[in-house]
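**Student:** Before I ask anything, here is the structure I am working with.
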Amino acid sequence: MEMEPLYKPQGVEERWQRTWEEAGDFHPDPASAGPTYVIAVPPPNVTGVLHMGHALNASMQDVLVRRHRMRGFNTLWQPGYDHAGIATQAVVEKQLRAEGTSRLEIGREAFLERVWAWLHEYGGVIMGQFRRIGASLDYERERFTMDDGYVRAVMRFFVHLYERGWIYRDNRIVNWCSDCRTSISDLEVEHLDVDDALTYARYPLADGSGSLTIATVRPATILADVAVAVHPDDDRYAGLVGKDLVVPVVERTVPVIADERVERDFGTGALKITPGHDPLDFEIGRDHGLPELTVLGFDGLIEGDVPAELAGLTEDEAAERVVEWLREHGQLEKRESYRHAVGHCERSGTRIQPLVSLQWWCRMDELARPAIEALESERVRFHPPVHGRVALDWLRAIRPWNLSRQLWWGHQLPIWYCPDGHVTCAESEPVACGECGSEQLERDPDVLDTWFSSALWPFATLGWPEETPELRAFYPGDVNVTGRGIIFLWECRMLMAGLELMGTIPFHDVVINSNVLDGVGRTMSKSLGNGVDPLDLIHAHGADATRYGLLKMSSTQDVRFTTGPIEEGRKLANKLWNASRLLLAGGGVEVEARPSSLEERWILARIDATRAELEADLDGYDFAHAVDRLYHLTFDDFCDWYLEAIKPRLGEPDVRATAFAALERLLKLLHPVLPHVTEEIWSHLPARESRLILAPWPEPMPHDAADAEALATAQTAARIYRRSGVRIKVPGESERIFEAVVRPSPDGQGDVEAERGRVHREIERAERMLANEKFVANAAPDVVEAERRKLADYRAELDALGG
RNA sequence: GGGCGCAUAGCUCAGCGGGAGAGCGCUCGCUUCACACGCGAGAGGUCCCUGGUUCGAUCCCAGGUGCGCCCACCA
């Protein structure tokens, strides 16, 4: 095949992607012997498309996976999709609305059929996009959190927890999203600052002896007040505790109670208690045995025991009426503007409506304990470590998990009720009630939180609860790579589920990838329209360049996106391509390291040193430094020095054989980052039978420090020559390299004076330091020694410059 | 309200106790027979501010300013 001077990734990349996959290179055999290396991809939403976060996350994982595959590990990168309960249901509901109907109108069964139909037509496109970026996932093993086997795993998990006694049903306050029409967990609530009005309302004492003023941001909830609480030590209200007040509008008589959870210095220090619609009030209400009244329904509209003219209003409308009532009755003391944080549904952006409802919960303390221990003992490590400490804090203060969602799309709870209200929990539909034997069973309509199934991902994808060969071979896995946003939602729960069900941690390292922000530091989002489509980058620069660029940008910090690093990657691929063209142009049949000259011994040593550094980078999940190292190895060491030095001798068979050997090692190191261009070049190397993807990772080689020093001499001489035009005499082989690398410029001399000045300044600096007695006395001996050597080197340079 | 992190060249970022770095951009010179997605040379920086520790601070400590993130039941 002809090698053009300009490397064009388009076509080449797709061809290798097909070749690798069709050859089964991504598909490990569970029966193979030897150590395994396993990563389960964070399952993208089945409705999703590839965005920058996926592209970065996948690039990182693919580097780890490809390197371990080359090192001989039986490597599995497990792919699949998440059913993404709320998100998917919302998409289809929106579609129904556009058709003038609704899920309630068409019914549960028809709705679920619609979801499946929609998924078959439009869902599941992201695996194709993963292929395009070169992700070496085992696509033959694609799993879905709603496939039959996975559903069995979810049911088994639930029943297991139920039998442990950790799952219970309770009427408690939940985060209700009136838009999604479901409860959501604390972790799905986003706190946003909101401008509100703080309304001060007077509640008259029932005995007519005066009134007490409370402050509220939600006047509509006055309708559900069941008490007013003050701090027990608050002198202002000491005499009022135990007396009765009359709630405005509804004119209900309620007690004044004392509770330490009331903040004395907020508002008036008197807190109206609305257990039905406020989490703190709920707790206080339970402790004081107060009733839990509800005036806001699941639809966010006023309902319940309220004046008829208020029923059916929105909360805001009702609030207006209540304030109006207060004003008319002289009970409105004042209203002032007030900015504070309010919980919003992360998915819909709707303001959370705390309300009491009957939900299924899971106690988490016993599940958390082994996970806490795994983190404390560092059997599981986070990278960077700060996230592990945050995860620990969360686990130590863990709260019950609201498992049930009032949705249709998802895993329906394996809970059945008989007419007498007995509960039967079973993996599949029971024939009769476990308590009374009734055969009239009705299944709980709710579904499980999406993250309940995600918790099982590292082993449910391998066939659990069946004892499959895959489960035996590939569990536990090694690493999980994901974003910061789902450490509690996903990472912590995988740890807990893995320890509980499998008895072991699902992976030993958790790598948290950075967020890719837009050019001015904002999160990329659909609504802002500031997102960059990774597929556009791949089309423009190639998958290799995109991978390189994203890895270069990755860091422990969030990073602002620029195309610079991706263009750098494209140049690296092109440079490598042209270096290979230079070597391949002359033909040749041998690939064998037979170094005879200094530069040959040096480049082999240099590549090997980089191999060791690269391994250290990757072992620490430092991808940015890893790719930077590869860039400079390729450009500076391999091309600028080695190739330039051997160019005059490229006709010699031994020189060619060694050059091919050096290129082969370079390609191997680059392959995990730039899989396509390296595989393409590899296929042009002499006597290639296997593919680079399966080639063994380079073994360590002995180094000779003297070679590096001799090469450095040539490099210094060349630098001085280029800058000043002064030729420094260098010994033996260094002299030949100098000759090969320096091409005298036709314009003649550089600036000797400028170079002399530069060296002069360095000498002065070193002399000043060494003249400082305190420095010589207090600094570490090796630091002083290094400074002396520098001084000597600079003096030699100055001498060479004639000055 | 609590916790964490970041401020270094025009831009995006490395470095984190002893000579201020990379890539891009910019200037100048090169159609040198692998590559103009290239080669060579160069300009450009009170390393946010104020104190402190140290022989020595971009790097450590304290405070300040600005930005960001996470957690959170002060209505």
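The values are calculated or read from the model by the stated rules, or taken from the named source; none is laboratory data. Quantities reported herein were computed from a predicted structural model and do not represent experimental measurements. No Cβ is skipped: glycine too gets one built from the backbone with ideal geometry, and neighbour counts run over all protein chains shown. All accessible areas refer to the heavy atoms of the entire protein, side chains included, with ligands and DNA or RNA removed. Shrake-Rupley method; radii C 1.70, N 1.55, O 1.52, S 1.80 Å.
**Student:** Taking the stated definitions as given, is residue A:289 in a loop (DSSP other than H, G, I, E, B), modelled with pLDDT of 90 or more, open to solvent by 10 Å² or more (accessible area, probe 1.4 Å) and among the small types (Gly, Ala, Ser)?
**Tutor:** yes
**Student:** Right, another one. Evaluate the range A:525-541: report whether one residue or more is surrounded by fewer than 23 Cβ atoms within 10 Å (Cβ to Cβ), of a type in the set (Ser, Thr, Tyr) and near RNA strand B (Cβ under 7 Å from one of its atoms).
**Tutor:** no
**Student:** Quick one: what pairs do we get from the range A:621-637, first residue within 8 Å of RNA strand B (Cβ to nearest atom) and at pLDDT 95 or above, second among the aliphatic types (A, V, I, L, M) and open to solvent by less than 10 Å² (accessible area, probe 1.4 Å), C-beta under 6 Å, 6+ apart or different chains?
**Tutor:** Matching pairs, first to second residue: A:631/A:572.
**Student:** So which residues in the range A:249-264 are out of contact with any strand residue (DSSP E or B) (no Cβ under 6 Å at 6 or more places or on another chain) and either open to solvent by less than 10 Å² (accessible area, probe 1.4 Å) or not hydrophobic (A, V, I, L, M, F, W, C) (or both)?
**Tutor:** If the condition is that a residue be out of contact with any strand residue (DSSP E or B) (no Cβ under 6 Å at 6 or more places or on another chain) and either open to solvent by less than 10 Å² (accessible area, probe 1.4 Å) or not hydrophobic (A, V, I, L, M, F, W, C) (or both), then A:251, A:252, A:260, A:261, A:263, A:264 are the ones that fit.
**Student:** Of everything in the range A:568-585 that's within 6 Å of RNA strand B (Cβ to nearest atom) and not polar (S, T, N, Q), which residue is least open to solvent (accessible area, probe 1.4 Å)?
**Tutor:** Step by step, filter the range A:568-585, then rank; the result is A:579.
**Student:** Here is a follow-up. Looking at the range A:513-523, is at least one residue farther than 18 Å from residue A:77 by Cα, among the polar types (S, T, N, Q), in a helix (DSSP H, G or I) and under 20 Å from the mean Cα position of the chain (by Cα)?
**Tutor:** For the range A:513-523, residues farther than 18 Å from residue A:77 by Cα, among the polar types (S, T, N, Q), in a helix (DSSP H, G or I) and under 20 Å from the mean Cα position of the chain (by Cα): absent.
**Student:** Are there any pairs, at least 6 apart or on different chains, whose C-beta atoms fall under 8 Å, with the first in the range A:231-248 and closer than 15 Å to residue A:268 by Cα and outside any loop (DSSP other than H, G, I, E, B) and the second more than 13 Å from RNA strand B (Cβ to nearest atom) and at pLDDT 90 or above, and if so, which?
**Tutor:** Close Cβ pairs (under 8 Å, with a partner that is more than 13 Å from RNA strand B (Cβ to nearest atom) and at pLDDT 90 or above) amount to A:237/A:256.
**Student:** Any idea how many residues of the range A:373-395 are away from RNA strand B (no atom under 16 Å from the Cβ) and of a type in the set (A, V, I, L, M, F, W, C)?
**Tutor:** 2
**Student:** From A:462, A:441, which residue is modelled with pLDDT under 95, of a type in the set (A, V, I, L, M) and farther than 19 Å from residue A:370 by Cα?
**Tutor:** A:441
**Student:** Could you check how many residues of the range A:296-348 are within 26 Å of residue A:91 (Cα to Cα) and of a type in the set (Ser, Thr, Tyr)?
**Tutor:** Summing the residues that are within 26 Å of residue A:91 (Cα to Cα) and of a type in the set (Ser, Thr, Tyr) in the range A:296-348 gives 2.
**Student:** Is there a residue being open to solvent by 40 Å² or more (accessible area, probe 1.4 Å) and either within 12 Å of RNA strand B (Cβ to nearest atom) or among the hydrophobic types (A, V, I, L, M, F, W, C) (or both) anywhere in the range A:592-611?
**Tutor:** The answer is no, given that none of the residues of the range A:592-611 is open to solvent by 40 Å² or more (accessible area, probe 1.4 Å) and either within 12 Å of RNA strand B (Cβ to nearest atom) or among the hydrophobic types (A, V, I, L, M, F, W, C) (or both).
**Student:** Quick check on residue A:398: is it assigned to a loop (DSSP other than H, G, I, E, B), touching a residue at least 12 places away in the same chain (Cβ under 8 Å) and within 16 Å of RNA strand B (Cβ to nearest atom)?
**Tutor:** Yes; evaluated as a whole, the condition is true for this residue.
**Student:** Of the residues that sit in the range A:752-766 and are loosely packed, with under 14 Cβ neighbours inside 10 Å and more than 10 Å from RNA strand B (Cβ to nearest atom), which one is farthest from residue A:726 (Cα to Cα)?
**Tutor:** A:764
**Student:** Still on this structure, please answer the following. Looking at the range A:425-480, which of the residues that are among the small types (Gly, Ala, Ser) and without any contact (Cβ under 8 Å) to a residue 60 or more places away in the chain is nearest to residue A:501 (Cα to Cα)?
**Tutor:** Per the criteria, the residue is A:434.
**Student:** Out of A:436, A:425, A:492, report the one residue that is buried (at least 18 other Cβ atoms within 10 Å of the Cβ) and more than 33 Å from the chain's Cα centre (by Cα).
**Tutor:** Going through A:436, A:425, A:492 in turn, just one is buried (at least 18 other Cβ atoms within 10 Å of the Cβ) and more than 33 Å from the chain's Cα centre (by Cα): A:425.
**Student:** Right, something else. Does at least one position in the range A:351-367 carry a residue that is away from RNA strand B (no atom under 14 Å from the Cβ), assigned to a helix (DSSP H, G or I), crowded, with 19+ Cβ neighbours inside 10 Å and in contact (Cβ under 8 Å) with a residue 60 or more places away in the chain?
**Tutor:** yes
**Student:** Scan the range A:562-589 and report the pairs whose first residue is within 20 Å of residue A:665 (Cβ to Cβ) and whose second residue is among the charged types (D, E, K, R) and open to solvent by less than 10 Å² (accessible area, probe 1.4 Å), with Cβ atoms within less than 7 Å and a gap of 6+ or a chain change.
**Tutor:** Close Cβ pairs satisfying both conditions: A:573/A:544.
**Student:** Still on this structure, please answer the following. Looking only at the range A:512-526, count every residue that is among the hydroxyl-bearing types (Ser, Thr, Tyr) and more than 20 Å from residue A:618 (Cβ to Cβ) and tell me the total.
**Tutor:** Result for the range A:512-526: 2.
**Student:** Conditions first: (1) closer than 25 Å to residue A:186 by Cα; (2) assigned to a loop (DSSP other than H, G, I, E, B); (3) among the small types (Gly, Ala, Ser). Residue A:343 passes all but one, so which condition is the exception?
**Tutor:** (2)
**Student:** Got a number for residues in the range A:30-64 being more than 17 Å from residue A:547 (Cα to Cα) and polar (S, T, N, Q)?
**Tutor:** Qualifying residue count, the range A:30-64: 4.
**Student:** Take residue A:516 and decide whether it is in contact (Cβ under 8 Å) with a residue 40 or more places away in the chain, open to solvent by 40 Å² or more (accessible area, probe 1.4 Å), within 14 Å of RNA strand B (Cβ to nearest atom) and of a type in the set (A, V, I, L, M).
**Tutor:** no
**Student:** So if I check each of A:202, A:218, A:169, which one is closer than 30 Å to residue A:342 by Cα, touching a Phe, Trp or Tyr at 6+ places or on another chain (Cβ under 6 Å) and in contact (Cβ under 8 Å) with a residue 40 or more places away in the chain?
**Tutor:** The unique qualifying residue is A:169.
**Student:** What are the pairs, 6+ residues apart or on separate chains, where a residue within the range A:36-61 that is assigned to a loop (DSSP other than H, G, I, E, B) has its Cβ under 7 Å from a residue that is among the charged types (D, E, K, R)?
**Tutor:** A:43/A:82; A:44/A:82; A:46/A:82
**Student:** May I pose another question? Within the range A:674-683, is even one residue closer than 25 Å to residue A:62 by Cα and among the small types (Gly, Ala, Ser)?
**Tutor:** yes
**Student:** Continuing with this model, one more query. Residue pairs, Cβ under 9 Å, 6 or more apart or interchain, first in the range A:774-800 and under 20 Å from residue A:723 (Cα atoms) and in contact (Cβ under 8 Å) with a residue 60 or more places away in the chain, second more than 9 Å from RNA strand B (Cβ to nearest atom) and open to solvent by 80 Å² or more (accessible area, probe 1.4 Å). List them.
**Tutor:** So the pair list comes out as A:800/A:727; A:800/A:729.
**Student:** How many of the residues making up the range A:767-792 are exposed (fewer than 15 other Cβ atoms within 10 Å of the Cβ) and near RNA strand B (Cβ under 7 Å from one of its atoms)?
**Tutor:** Qualifying residue count, the range A:767-792: 6.
**Student:** Report the residue count in the range A:206-224 for those that are in contact with a strand residue (DSSP E or B) (Cβ under 6 Å, 6 or more places away or on another chain), open to solvent by less than 10 Å² (accessible area, probe 1.4 Å) and more than 10 Å from RNA strand B (Cβ to nearest atom).
**Tutor:** The number of residues fulfilling the criteria is 1.
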